[in-house]
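The values are calculated or read from the model by the stated rules, or taken from the named source; none is laboratory data. All figures in this text were calculated on a predicted structure; none of them were measured in a lab. Note: ideal-geometry Cβ built from the backbone for every residue, glycine included; neighbour counts use all protein chains shown.
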Amino acid sequence: MLLRFRGPDGMIRQEANKDDTFGTVMKLLLPKLPSTVDPKTITVSNSPGDRGQRRKVADVANVPIVQTGLGHGDVVFIEYKHKEDESTSQSNGNGAAPKSQTLTSSSNRLNGQPVLPAEDRPIDPLPYNAAGSTTAPISAVAARIRNPWEVVKQSKLDDRLDKLDGKIPRKRDAKMCRHGAKGMCDYCQPLDPFDADYLEKNKIKYLSFHSYLRKINGEKNKPELGASYIPPLVEPFFRVRQNCPSGHPVWPEGICSKCQPSAISLQPQVFRNIDHVEFASPAVVDTFINAWRIGGGQRLGYLYGRYEQYEVVPLGTKVVVEAIYEPPQVDETDGVSLNAWENEQEVDALARLCGIERVGVIWTDLLDAGANDGSVVCKRHADSYFLSSLEVVFAARLQAQHPKPTKWSDTGRFGSNFVTCVISGNEQGEIAISAYQMSNEAVEMVRADIVEPSAEPESMLVREEEEDDGSVSRTRYIPEVFYRHINEYGANVQENAKPAFPVEYLFVTLTHGFPDEAKPLFTDVGFPIENREYIGESQEHSAITRMLKAQSGKVDAKSISASNFHLLVAIHKMDVLSKDEEALLCRVATKHDLADKFQLQSAPGWQTLLMILQSAGERIPKRPREHREETAGTTQRSKKATGQRRIARRGDSRVRDDTGSSSQWLGRGGGGGVGGGGSGGSVGTTGSAASDSALATPPTPMTTPTTPVVASSLLTSSLPSSNFCPPSPLSRTLSSTSADANRNADSGEPLAKRFAAVRLVSRTSETDHSATE
């Protein structure tokens with residue numbers, strides 16, 4: 001008779017006699033199996049999957065086939081493992097993580113190398129979670145959890161919103177209500193949070209996540225019927241299911257109706273996980289836009305903040321953005337190219353110490369209108385697009401890497417709280433912010449590699465199953481994709497999405513704004529932003545010194561100003577503070593507690609940081625620059641100062657030191673004298689005519705007087721009432737004309753070398769003489 005053995009690698013036919021035992025038949029069957037099969041792991045069963053009675057071949061090796069009741073043409077289901085799977089698990093040891101998916105078929109191998117499933121390619125792995133441990137790739141098939149409400153740990157905000165009834169209270173209607181003050185009727189009873197009339201009246205376009213949860217939970221579970229509870233949330237799944245119980249070879253060698261995905265009918269999503277995006281202060285966005293104002297290139301940053309309840313929407317949730325971190329990137333006028341972000345996990349860990357987390361992404365798409373009034377070009381509107389197909393795919397990848405844990409889903413996760421913000425021009429030419437979230441269908445289609453961006457930003461392409469060389473793809477299965485829309489006759493029709501469909505089916509819009517009274521978590525501004533060296537903004541030690549006011553090596557505990565997220569990241573890069581001291585610094589930056597400041601001041605790591613900043617930071621000059629011009633005429637010149645000389649170039653006065661120190665600009669008067677003011681001139685000289693003569697005639701060297709001459713009173717009396725005001729444009733023009741007249745017209749070289757010592761006393765004497773006259 002003929003027996004059929006169905007296993008992971010397909011159907012195998014084997015002839016046998018009724019008197020043969022299972023051991024004899026398996027010896028004949030073993031050469032037909034893949035060479036990597038371990039004979040000790042072969043099991044036989046009368047039903048596929050776990051429904052049958054599975055027995056090892058070693059246990060039934062001496063049992064005749066006639067005793068099992070098998071006849072001609074019957075099917076025997078077999079299972080086995082491969083030798084390389086066991087060797088790999090033994091070599092990894094007990095502490096190694098198991099494989100994300102067991103390779104149970106030789107059809108998964110090309111040239112002896114395992115081929116990973118199709119879903120793992122388009123999505124990057126998840127970042128580290130709050131506990132710091134790694135997680136499986138988000139694109140891996142999520143296993144169903146038996147009782148997710150007992151196992152899954154969701155956020156505290158979700159736990160608090162789950163306990164609320166969400167009912168919308170209504171006041172007593174004076175016209176329709178006929179009952180007393182303590183009564184209730186249909187006209188004044190509370191409404192459900194998903195009431196359509198209430199949402200339309202208050203112009204709420206989408207349901208909140210918890211309102212949507214209450215709606216579908218009431219439709220799926222009926223407690224009065226006494227039926228078992230079913231998790232109401234189910235994520236869409238558009239990939240081929242692995243481990244199909246039918247027993248056929250795995251995809252792409254075989255497929256059936258149980259494991260292949262169904263056709264996709266795209267519809268606008270009726271809910272959103274986040275309802276509102278709130279920026280803690282306008283300075284957060286303004287500092288981010290400054291990169292475009294200075295450099296002209298677009299910029300991308302990640303939003304760090306927290307989630308809070310949003311009272312405007314029933315059972316709503318909002319994101320409060322406290323900081324924007326800008327990763328390494330190459331800015332262009334029409335886009336951004338992201339580089340490797342090496343300290344990503346460190347920045348996320350530092351944010352958790354501050355009580356915030358990564359909540360979204362933001363980028364700019366600005367183009368100056370050229371009107372010199374600050375207006376920008378409106379590129380995103382109803383007639384063009386709001387989000388391009390490339391941006392939708394990018395945002396969907398980020399949402400896939402940040403899933404939302406919830407106990408109301410059979411897989412323990414549903415959607416994502418990650419938001420996307422775009423800064424662009426509106427129809428009035430103003431800089432405006434737009435907030436979005438990708439739909440769950442969009443995230444799953446990107447995960448399954450079904451769609452790809454188009455050259456037309458308003459259209460998304462459906463991929464083909466064939467590769468570029470024309471061969472059938474072994475990494476993806478493309479189901480039928482449809483979408484519904486209103487045609488030109490006003491009818492709601494369904495059309496095939498191939499080859500392209502509008503991107504508006506793949507995202508939902510969010511509201512955004514700023515609080516009435518700004519109370520940001522980080523109060524100190526002015527610290528340079530990271531990765532802006534291309535516009536001359538770098539996080540040097542001198543910038544940290546200025547921010548912490550640590551020029552003297554000592555910082556008063558009450559005056560510690562470290563409430564800046566970018567400053568905390570810069571201090572973390574120095575690797576001076578320990579973990580406990582870094583956590584204490586984050587508490588000081590966010591809580592502003594005086595006790596924590598005193599504790600930080602006495603920490604050894606903090607004292608070491610201040611000493612490093614004192615030695616490597618910028619030293620503040622002994623005299624402020626703005627007072628040098630006033631005090632230059634009242635002090636006696638030292639022997640070292642006699643080596644200084646003046647260079648007058650087109651009305652600019654600069655004093656050089658022959659001792660080798662760097663030159664400094666002391667004044668910008670019309671005549672180039674030290675401490676010029678008024679109409680522009682040297683000390684003791686008034687008017688532009690004196691300035692021109694000072695430039696035309698080189699000063700003669702003079703000896704240093706034995707007694708100093710106090711010229712401050714003469715300086716005050718000889719200048720106008722607004723002392724030391726900047727020179728007027730007229731004096732600069734006259735000074736420049738006089739200086740150009742003393743230059744060679746061909747070569748531009750000065751006709752006379754005017755490098756001589758400058759004597760303040762001589763200038764002061766001339767001023768005294770002119771004043772007496």
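Tabulated values for the structure
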| item | result |
| --- | --- |
| Any pair with Cβ under 8 angstrom, 6 or more apart, that starts in segment 397-411 at a residue that is under 12 Å from Val151 (Cβ atoms) and ends at one that is part of a loop (DSSP other than H, G, I, E, B) and aromatic (Phe, Trp, Tyr) | Thr406/Phe414 |
| Residue count, segment 33-50 (criterion: assigned to a helix (DSSP H, G or I) and either loosely packed, with under 13 Cβ neighbours inside 10 Å or among the hydrophobic types (A, V, I, L, M, F, W, C) (or both)) | 1 |
| Some residue of segment 369-380 being crowded, with 17+ Cβ neighbours inside 10 Å and not hydrophobic (A, V, I, L, M, F, W, C) | yes |
| Given (1) farther than 25 Å from Lys205 by Cβ; (2) among the polar types (S, T, N, Q); (3) modelled with pLDDT of 90 or more, index of the condition Ser471 fails | (3) |
| Residue in segment 583-598 that is outside the structural domain of Glu357 (by TED's automatic domain parsing), surrounded by fewer than 16 Cβ atoms within 10 Å (Cβ to Cβ) and acidic (Asp, Glu) present | yes |
| Near pairs, Cβ below 6 angstrom, 6+ apart or cross-chain, from segment 9-35 (under 24 Å from Pro249 (Cβ atoms) and in contact (Cβ under 8 Å) with a residue 12 or more places away in the chain) to any residue that is of a type outside the set (A, V, I, L, M, F, W, C) and assigned to a helix (DSSP H, G or I) | Asp9/Ser106; Ile12/Lys32; Pro34/Ser106 |
| Every residue from segment 326-359 that is within 15 Å of Ala583 (Cβ to Cβ), acidic (Asp, Glu) and surrounded by 17 or more Cβ atoms within 10 Å (Cβ to Cβ) | Asp348 |
| Of all residues making up segment 513-539, the number that are in a loop (DSSP other than H, G, I, E, B), within 23 Å of the chain's Cα centre (by Cα) and of a type outside the set (Val, Ile, Thr) | 16 |
| Single condition Glu537 does not satisfy, out of (1) farther than 20 Å from Glu326 by Cα; (2) of a type in the set (D, E, K, R); (3) surrounded by 14 or more Cβ atoms within 10 Å (Cβ to Cβ) | (1) |
| Verdict on Arg306 being under 28 Å from Phe482 (Cβ atoms), among the basic types (Lys, Arg) and crowded, with 17+ Cβ neighbours inside 10 Å | no |
| Selection status of Phe394, over 28 Å from Ala562 (Cβ atoms) and not in a helix (DSSP H, G or I) | no |
| Hey, Glu253 within 30 Å of Pro48 (Cβ to Cβ) and among the charged types (D, E, K, R) or not | yes |
| Count of segment 296-348 residues which are in a strand (DSSP E or B) and of a type in the set (D, E, K, R) | 5 |
| Leu3 vs. criteria modelled with pLDDT of 80 or more and either touching a Lys or Arg at 6+ places or on another chain (Cβ under 8 Å) or assigned to a loop (DSSP other than H, G, I, E, B) (or both) | yes |
| Any hit, segment 229-236, residues being aromatic (Phe, Trp, Tyr), more than 32 Å from the chain's Cα centre (by Cα) and surrounded by 10 or more Cβ atoms within 10 Å (Cβ to Cβ) | yes |
| Residue within segment 400-409 that is of a type in the set (Val, Ile, Thr), in a loop (DSSP other than H, G, I, E, B), buried (at least 17 other Cβ atoms within 10 Å of the Cβ) and assigned by TED's automatic domain parsing to the domain that holds Asp162 present | yes |
| Val481 vs. criteria at pLDDT below 90 and more than 22 Å from the chain's Cα centre (by Cα) | no |
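Yes/no matrix, rows are residues, columns are (1) touching a residue at least 12 places away in the same chain (Cβ under 8 Å); (2) touching a Phe, Trp or Tyr at 6+ places or on another chain (Cβ under 6 Å):
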| site | (1), (2) |
| --- | --- |
| Phe279 | yes, yes |
| Thr287 | yes, no |
| Val330 | no, no |
| Ala349 | yes, no |
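Each row is one residue, and each column tells you yes or no for (1) in contact with a helix residue (DSSP H, G or I) (Cβ under 8 Å, 6 or more places away or on another chain); (2) under 30 Å from Asp286 (Cα atoms).
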residue: Met438; (1), (2): yes, yes
residue: Glu452; (1), (2): yes, no
residue: Ser459; (1), (2): yes, no
residue: Glu488; (1), (2): no, no
residue: Glu495; (1), (2): no, no
residue: Phe501; (1), (2): no, no
residue: Thr509; (1), (2): no, yes
residue: Pro520; (1), (2): yes, yes
